[in-house]
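The block underneath contains the structure these notes are about, expressed in structure tokens.
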């Protein structure tokens, strides 16, 4: 391979890593986690996660952003961690007080984008993180540039 091709490939690889610099990190146990989910609740959670839309992830006020059957997904609020603002997204069992959270992800505002392709990438990462959280019982963090 000649030097021009190698140089071109290095530039392409660099641009790809800059364009999609999102990372997903596993954190500790989900606070107030509901245990012993039924197969119906797991299916409802997966369906609610599939309904999640980009614009709703970054709402500025707390509230329900998706709902399916026995499960709702709430944007619980915004918090700051080491100078970066995060949106606290939780899937919860409807009608239960106390330990009702089945999946949890914090999404950094630095991952916000005006480009449709990047928004789709962010939604995929958030949905995947919520599904992993549902399976593992751990919280996840999505951060970095979209």
> For the stretch 62-146, what does the equivalent ellipsoid look like in terms of its semi-axes, each the square root of 5 times an eigenvalue of the Cα gyration tensor, given largest first in whole Å?
Replying inline: 22, 14, 12
> Which angle between 0 and 90 degrees, to the nearest 10, do you get for helix 39-51 versus the longest principal axis of the chain when only C-alpha atoms count?
Replying inline: 50 degrees
> Any idea what % of Cα-Cα pairs in the chain are farther than 24 Å?
Replying inline: 34 percent
> By how many degrees, between 0 and 90 and to the nearest 10, does the Cα long axis of helix 116-136 differ from the longest principal axis of the chain?
Replying inline: 50 degrees
> Within the stretch 23-143, what percent of beta bridges assigned by DSSP are antiparallel, to the nearest 5?
Replying inline: 85 percent
> Any idea what the relative contact order of the chain is, in percent, if you count C-alpha pairs under 8 Å spaced at least 6 apart?
Replying inline: 29 percent
>> Report the Cα centroid-to-centroid distance between the stretch 94-139 and the stretch 75-93 in angstrom, as an integer.
In response: 10 Å
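Each value in this text was obtained by applying a stated rule to the coordinates, not by laboratory testing. These figures come from a predicted structure and were not determined experimentally.
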